[in-house]
1. Find how much the distance from A284 to A237 grows on full extension, using 0.36 nm per residue of separation minus their present alpha carbon separation; answer in nm with one decimal.
2. At most 16 other Cβ atoms within 10 Å plus a DSSP loop assignment makes a site exposed; report the longest stretch of the chain without any exposed GluC sites (Glu not before Pro).
3. Projecting each Cα onto the charge dipole of the chain (Lys/Arg +1, Asp/Glu -1 at the beta carbon, about the Cα centre), which of Y230, G260, S100 comes out farthest on the positive side?
4. How many percent of all Cα-Cα pairs in the stretch 85-146 sit more than 14 Å apart?
5. Could you work out the percent of alpha carbon pairs in the stretch 12-135 separated by over 24 Å, rounded to a whole number?
6. Please tell me the relative contact order of the chain in percent, rounded to the nearest whole number, where contacts are Cα pairs under 8 Å and at least six residues apart.
7. Viscosity 0.890 mPa s, temperature 25 °C: what is the translational diffusion coefficient of the chain from Stokes-Einstein with a Kirkwood Rh over Cα pairs, rounded to a whole number of µm²/s?
8. What aspartates and glutamates sit close enough to K166 to cross-link, taking a C-alpha to C-alpha distance under 14 Å and skipping anything fewer than 8 places away on the same chain?
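Please treat every number below as a calculation from the coordinates, not as lab data. Owing to the predicted nature of the structure, the values given are computational and were not obtained by experimental measurement. Quick reminder, even Gly has a Cβ in these numbers, built from the backbone with ideal geometry, and neighbours come from all protein chains shown.
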Amino acid sequence: MGTIDWWDDGSKTSTWAMRMLPILVRQAGSQRPLTYGAMAKEVGMPHHRPVQRAAGHIAYALEEIAGMRGWRRRQPPKLQSLIINKATGLPGHGVDAFMSRQYQRARTKRQRAAALLTAHAEIYAYPHWSDVMDLLGVETTLPKLQELTREAIDARGRGGEGPEHKALKEYVAANPAVVGLPAAHAAGGQEHRLPSGDQIDVLFMGAAGALAVEVKPHASGRDDVARGVYQCVKYRAVLEAQSSISDDPYDVSVMLVLGGAVPKEALQLANAFGIPVIDGIVPA
């Protein structure tokens, strides 16, 4: 039990907040924001709306900590602002009252995005998150992801492309809407080769930039799904490097598409690295 009486009041909002806090601290460590939908999925919410209420609960707790004796010189930054809207890349308006004057006075999306980068840099650099969690009586219950990473390394090189993987890859390439692109978007290219020697399962190129998709079939175990997460990390890095030297730079995004359900630990790994996951895709 923390020293803030109302923090753990037994309400559903309080319960969600205590589940979300370690995830946000993890994201601070990996220096990646997290979408409302990804947060909801990881903590097991039926939909993303309770995320905002729980984020507000966290925000009020951080405000109270900032005014406590012994915390004036290590006031915690706005951790809740790491939760962003997938479409806008910004937090919901519920956080505005807690944000800096620069953020509050911003009149355009670009100005808000610039102010948010400053806020996030403060979160990433803050060295006392473990003390904040101790004060609030929240334990780090997230599993260590090193074991899953070792499993992914041990699984490296097993097998080849089976018919299920091929069918799912072809289905995703022919149906851009599966990965959130307009249905009229051009079909994706398959087995796109990168300068690193890797091949992207499906690559969509368009006005919005490049979207690299790694595909894993229903039969994939959590070790293979974890490999897919790391493949997405590599695709993102190589494509961003290519874009940086291109005469016509483009935005880069990545995604992992699964035929089966995403294993819990693999979802946590993907969220830590900012890799969106779409699971349960069955080719029509």
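1. On the way: separation 47, 0.36 × 47 = 16.92 nm, distance 3.22 nm.
Working it through step by step, the gained length comes to 13.7 nm.
2. Values: sites that count: E139, E161.
Longest gap between qualifying sites, sites excluded: 1-138.
3. S100
4. Details: 1282 of 1891 pairs.
When every Cα pair of the stretch 85-146 is considered, 68 percent fall beyond 14 Å.
5. Working: 1630 of 7626 pairs.
Value for the stretch 12-135 (Cα pairs over 24 Å): 21 percent.
6. Working: 420 pairs, mean separation 45.5, N = 284.
Relative CO of the chain lands at 16 percent.
7. Working: Rh = 20.4 Å.
Translational diffusion coefficient: 121 µm²/s.
8. Within the straight-line limit of under 14 Å, K166 reaches these aspartates and glutamates: E191, D201, E214.
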